[in-house]
1. To make sure I understand, if each residue's beta carbon is the centre and we count other beta carbons within 10 Å, what order do S246, S333, S145 fall in, fewest to most?
2. So which lysines can K3 reach, going by Cα to Cα under 27 Å and dropping same-chain residues fewer than 8 places off?
3. May I ask for the equivalent-ellipsoid semi-axes of the range 301-373, computed as the square root of five times each C-alpha gyration tensor eigenvalue and listed largest first in whole Å?
4. Counting pairwise Cα distances across the range 25-73, what percent come out greater than 13 angstrom?
5. Suppose only helical runs count, i.e. DSSP H with n ≥ 4. What mean residue ellipticity at 222 nm does that imply for the chain under -39500 (n - 2.57) per run, divided by all residues and rounded to the nearest 500 deg cm²/dmol?
6. List the extent of the Cα atoms of the range 1-111 along each of their three principal axes, largest first, rounded to whole Å.
7. Between F328, F122, F45, where does the largest GNM mean-square fluctuation fall for the chain, given springs only between Cα atoms within less than 10 Å?
8. Per 20 Å bin, what is the whole-percent P(r) computed from every C-alpha pair distance within the chain?
Amino acid sequence: MLKIPTSAYVHIPFCTQICYYCDFSKVFIKNQPVDAYLQALIREFESYKIEQLRTLYIGGGTPTAISAEQLDYLLSHLTKNLDLSQLEEFTIEANPGDLTPDKIAVLEKSAVNRISLGVQTFNDKHLKRIGRSHNEAQIYESIDSLKGAGFDNISIDLIYALPGQTMADVKENVAKAIALDIPHLSLYSLILEHHTVFMNKMRRGKLNLPTEDLEADMFDYIIAKLESHGFEHYEISNFTKPGRESRHNLMYWDNAEYYGVGAGASGYVDGVRYRNRGPIQHYLKGVAQGNPRLEEEVLTKQEMMEEEFFLGLRKKEGVSISRFEEKFAENFSNRYGDIVEKLTRDGLVQVTDGRLRMTKKGLFLGDTVAEKFIVE
């Protein structure tokens, strides 16, 4: 019996500016065929004959870079055939500064019930330094406008370990984030990706990054401060007030299947992980020909098990050993006992209540712990 995915990710690749750290599939919006793209995207979405979803997530790029009319077209067509009584969480990413009153009015009358705002930092000097076009004042304006329109499920993204950032800067950012009185925060350390302005700067020795020790101190401070203000650290980079976890992202970390729609989007359906064509004209051509996918990979059982660790260990609750054994018909301790024992000795994981979890030390090291479960 095939299990039909109950989540979908929709990609809007347009941006009003290109940030210096970003390697996502995106283009500068000027002179782009936005209308043609949205029509193709809806055509791909409808090809899956989706009637029920628990979570729907529109990411980017910057979904709010498009006009209010285009946003209205996108939101109304995505939900046209959906049973909205089943849709628990409908998130859209937005940028402070893009949320004009007409776009907020479109969001207010749509089925969207969660907003993820790309704040990154409250410091105007740092915002400029990382290539963002908004300023601190626009962050507060956007949040006030969203709350005024009835949105209470708001999340913001912040980045720490930025070039030139001090511990005092991080403390100020965290204090300002807490003062917003919102239920969810995502905090990421800066990761240098290939083909970005920052990576090129670093190669030329022009990027003044915090030391690894300072970055670890920042991570510890963020966790302690947010937990003391009632936030639960439920995933490596994510903090929530009770019951306000990102259900869509939990679906990824639970290694569930989902539809991925749009240029460069990835999906996971019927045991096949796939990625769509990235450049917009290639994507438009692919949809017109009935196949926007660039590549497909049928996962082996071994790869599925490795993904279970990679994704599940990101969560505070970790990986359920009994669920793992049931899902893969494997004896957990026979297969992984030695690895778990060594990681436990090193203080990186612990097994409690039948679950394998990372310790605080393990969480800071993140994927390097999960990599131990990969069979060469």
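Rule-based calculations on the coordinates, nothing more; no lab input. Since the model is a prediction, treat every value here as computed from it, not as a measurement. Cβ atoms come from the backbone with ideal geometry, glycine included; neighbour counts cover every protein chain shown.
1. Numbers: S246 23, S333 12, S145 18.
Going from least to most buried by this count: S333, S145, S246.
2. List returned: K49, K80, K301, K315, K316, K327.
3. Values: eigenvalues 64, 32, 27 Å².
Over the Cα atoms of the range 301-373, the ellipsoid semi-axes are 18, 13, 12 Å.
4. Details: 782 of 1176 pairs.
Tail of P(r) above 13 Å: 66 percent of Cα pairs.
5. Values: 15 runs with 150 residues, N = 376.
Helices in the chain give a 222 nm mean residue ellipticity of -11500 deg cm²/dmol.
6. Here the Cα extents, ordered largest to smallest, are 45, 29, 25 Å.
7. Checking each option, the largest mean-square fluctuation is seen for F328.
8. 26, 60, 14
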